[in-house]
Amino acid sequence: MTRNCRLNCVIPPHLLDKLLRSEDSDVHQVALDTLLTTARLRGERTVRASFAGAAAHGNGRRTIFDCQNGRLLSSAVVARPEDGPAATDQSVNRAFDGLGATYEFYRAALARDSIDDRGMRLDGYVHFSTKFNNAFWDGQQMVFGDGDGKIFTDFTGSLDVIAHELTHGVTENTAALEYHHQPGALNESVSDVFGSLVKQWALKQSAEEADWLIGSEVFTPGIDADALRSMAAPGHAYDNDLFGRDPQPDHMSKYVTLPDTEQGDHGGVHINSGIPNKAFYLTAMGIGGFAWEAPGLIWYESLKASTIDTQFQDFADTTYQKAGGLYGDGSAEQLAVLAAWQGVGIQISGVPAGVARSRTLAAGRYGVAGRDNGSLAALAKQVEALTAQVAGLARK
């Protein structure tokens, strides 16, 4: 059964709150309608979750429904089944392809059978409500708004947004990270990580080629914003009069403390996710190549090993341990993980700061991504010496 089910929306509440304060009456009204509809849906989701049975299985088969601008999912009509032809409605086709790309990524890259790893069917609903400025996963299906056409566009146009939302389902069925404070920020970060990886996998982009942006397609051309979030540069996705400056931190020294309320984004889950996002980006760039391979596998195995109340420190330690288990203690992959978390102000437990700095310097000096035989030999000797130092410190 799906655990910790909740309504996960892609647009952070602090952005909708900015729109709610807009002097433009149309922008204000659309933001108000979106917030009220989301609140109603959240209540319905809570009721449904109390008696929901096991998720429907069906080898990841997709069905896209058309809400026809209505708000009742039960009244939506089938627009494209798994075996049906392409629709004339491109929103339907984009949703269909996005669900399929996410399913195929998890199957091919991580040997996971759909959201619940048991072949859960994937249902998508397009044209939900009128000018609805959001998209969400509610524990059972993916729902897309069309956007208002002034600030936001059709949410089916962003593959990483689709994969981000579906990954909330993966998290529900693995660690079930509670949606508040650091566990909630990790929940959001994991969705950003795999949302970006699905896009990179579909485009066959290396870590160096990827844009590392989340939701770069959701804004209309008239909005001065790169995306909802930047994993490479948290805090720099946008800076404009409408939304202000992107509030995401990229280091623990900038961690934002907010109340655990709807208005406080449950302790800043969409904001503080910038810190683990940056750690993954640094890990991927440190290792090089395709980010869905070693970095993605390390993060996926760490997610499965996490629990509902896992904190940033816990997750960082787990990624370091998993990197060692998968690729060897002192491996280039493990060094990249160590350097990445150190880069965002989190020191791996049990690794003395001096040794961590030496290992980080070794990783940078010899090039984790572009290592050759000579570099490997030198790195191996240095790691061996450092390991002996750690063992000596442990004995003392």
Could you pull out every residue, at least 5 positions away or on a different chain, whose amide H is within less than 5 Å of the one on L122? Hs are placed 1.01 Å off N in the peptide plane, and Pro or chain starts have none. R61, R62, T63
Peptide ranges 119-126, 250-257 listed from the most packed, as the mean C-beta count within 10 angstrom indicates: 119-126, 250-257
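Rounded if a/c is under 1.5, else prolate if a/b beats b/c, else oblate: with a ≥ b ≥ c from the C-alpha gyration tensor eigenvalues square-rooted, which is the stretch 230-294? Don't skip to the answer; put the middle values down first.
Working: a/c = 2.59, a/b = 1.72, b/c = 1.51.
Prolate.
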dims of the stretch 155-200, Cα set, principal axes, largest to smallest, nearest Å -> 29, 19, 18
Find out how many positive minus negative residues lie around N59, taking Lys and Arg as positive, Asp and Glu as negative, among other residues whose Cβ is under 11 Å from that of N59. +3
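Could you sort 282-292, 60-70 so that the peptide with the highest average Cβ count within 10 Å comes first and the rest follow in order?
Values: 282-292: 23.5, 60-70: 19.7.
Ranked from most to least packed, the peptides come out as 282-292, 60-70.
Which shape class applies to the stretch 120-244: rounded if a/c is under 1.5, otherwise prolate when a/b exceeds b/c and oblate if not, where a ≥ b ≥ c are the square roots of the Cα gyration tensor eigenvalues? If you can, show how the numbers build up before the last one.
Details: a/c = 1.43, a/b = 1.12, b/c = 1.28.
Since a/c stays below 1.5, the shape of the stretch 120-244 is classed as rounded.
Going down the table (K150/K204; K150/K254; K199/K304; K199/K278; K150/K278), which pairs top 24 Å between alpha carbons?
On the way: K150/K204 32 Å; K150/K254 33 Å; K199/K304 22 Å; K199/K278 17 Å; K150/K278 30 Å.
Distance filter (> 24 Å) returns K150/K204; K150/K254; K150/K278.
Sum up the charges of everything whose Cβ sits under 12 Å from the Cβ of I298, counting Lys and Arg as +1 and Asp and Glu as -1, but leave I298 out. Intermediate results must be reported in sequence, preceding the final value.
Numbers: positive: K304, K322; negative: E293, E301, E333.
The answer is -1.
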Rough spin-label spacing in nm, given labels placed 7 Å along Cα→Cβ, for H236 and D24: 2.7 nm
Residues of type aspartates and glutamates that K322 reaches as a straight line, Cα spacing below 18 Å, ignoring anything fewer than 8 places off in the same chain: E293, E301, D314, E333
Between D117 and K204, what FRET efficiency follows from the Cβ-Cβ distance if R0 is 22 Å, with the result rounded to 0.05? 0.30
Between the stretch 129-185 and the stretch 231-253, how far is it from one alpha carbon centroid to the other, in angstrom? 20 Å
Sequence order, the stretch 70-86: Karplus ³J(HN,Hα) from phi using 6.51 cos²θ - 1.76 cosθ + 1.60, θ = phi - 60°, Hz rounded, Gly and Pro as x, gives x, 10, 9, 5, 5, 9, 5, 10, 5, 10, 6, x, 3, 9, x, x, 4
Packing-based ranking, highest mean first, of 101-111, 74-84, 14-24 given that Cβ atoms within 10 Å are counted: 101-111, 14-24, 74-84
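No lab work stands behind these numbers, since they all come straight from the coordinates. Computed from a prediction, not measured in an experiment: that's the story for all the values here. Neighbour counts are summed over all protein chains in view; Cβ atoms, including those assigned to glycine, are modelled from backbone coordinates with ideal geometry.
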